[in-house]
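My questions will all concern the structure given below.
Computed from the coordinates by the stated procedures, all read-outs in this text should not be read as laboratory data. This structure is a prediction, so every number in the text was calculated from the model and none was measured. Cβ sites come from the backbone with ideal geometry, for glycine too, and all protein chains shown count toward neighbours.
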């Protein structure tokens, strides 16, 4: 039978080691928490099969549904199949290639269309981190610019038609 005094001493040593490790990790954890609080992007940890594993508390107003409705569920459980398939294809591509994959997409949120630019980065062999930035304003400006360019082209065509000599 083991000596309880020796076991107690070993336990105390192990507790002291764990406390020392915690003391080293606490500043890093505080730094990471501060960085996340400063972020305005959606941050998700997803599995290969599209299951929501973790959701950063960074932009709850930009989530498709509240975090509590998503954690543990698969994308196919909470969004249209075609949309879930689109995300899964990019998630699997990032995992298969083991590198960052970027994509742009839009989602209906509270009666409006919100555009995102996302980076999907492998976290492990079967999980990724998605960082999704709201680029709605940029997209809106791009669409306005495209519309303006189309209108300019139409005006040029009309101007050219007006400058053509008319047959007599």
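Take peptides 128-137, 60-69, 26-35 and line them up by average Cβ neighbours within 10 Å, highest first, as a rough protection proxy.
Descending packing order for the listed peptides: 128-137, 60-69, 26-35.
Take the alpha-carbon positions of the chain, form their convex hull, and give its projected area averaged over all directions (one quarter of the hull surface) in nm². Intermediate values should be presented prior to the final figure.
Details: hull surface 73.3 nm².
Taking a quarter of the hull surface, the average projection is 18.3 nm².
Just need the relative contact order of the chain here, percent rounded to a whole number, with Cα pairs under 8 Å and 6+ apart.
17
Next up: Using only DSSP helix segments of four residues or longer, with each worth -39500 (n - 2.57), what per-residue ellipticity at 222 nm results for the chain after dividing by its residue count and rounding to 500?
Working: 5 runs with 88 residues, N = 168.
Taking each H run of at least 4 residues, the total per residue is -17500 deg cm²/dmol.
Let me ask you something else. With N set to the residue count of segment 51-90, report its C-alpha Rg divided by 2.2 N^0.38 Å to two decimal places.
Numbers: Rg = 10.2 Å, N = 40, 2.2 N^0.38 = 8.9 Å.
So the Cα radius of gyration is 1.14 times the expected 2.2 N^0.38 Å.
Related question: Sort 109, 143, 162 so that the residue with the fewest other Cβ atoms within 10 Å of its own Cβ comes first and the one with the most comes last. Kindly include the intermediate steps, with their values, before the conclusion.
Details: 109 15, 143 11, 162 8.
Lowest count first: 162, 143, 109.
Any idea what angle helix 4-38 forms with the longest principal axis of the chain, computed on alpha-carbon atoms, 0 to 90 degrees, nearest 10?
Value to nearest ten degrees: 20.
At 0.36 nm per residue, and after removing the present C-alpha to C-alpha distance, how many nm does the segment from residue 7 to residue 31 gain when stretched out fully?
Working: separation 24, 0.36 × 24 = 8.64 nm, distance 3.66 nm.
Result: 5.0 nm gained on full extension.
GNM, the chain, Cα, under 10 Å: largest mean-square fluctuation among 50, 81, 72?
Ranking 50, 81, 72 by mean-square fluctuation puts 81 first.
Would you kindly state how much longer the chain becomes between residue 15 and residue 127 on full extension, computed as 0.36 nm times their sequence separation minus their alpha carbon distance, in nm to one decimal? Show your work: numbers first, answer last.
Numbers: separation 112, 0.36 × 112 = 40.32 nm, distance 3.19 nm.
Here the segment from residue 15 to residue 127 would lengthen by 37.1 nm.
Same structure again: Would you calculate the separation in nanometres between label points at residue 162 and residue 145, each defined as 7 Å from the Cα along the Cα-to-beta-carbon direction?
A separation of 2.8 nm, rounded to one decimal place.
Ok, one more. Compute the helix-to-body angle for 81-97: its Cα long axis versus the longest principal axis of the chain, expressed 0 to 90° and rounded to tens.
60
Can you tell me the 0 to 90 degree angle between the C-alpha axis of helix 136-163 and the longest principal axis of the chain, rounded to 10?
Helix 136-163 sits at roughly 10 degrees to that axis.
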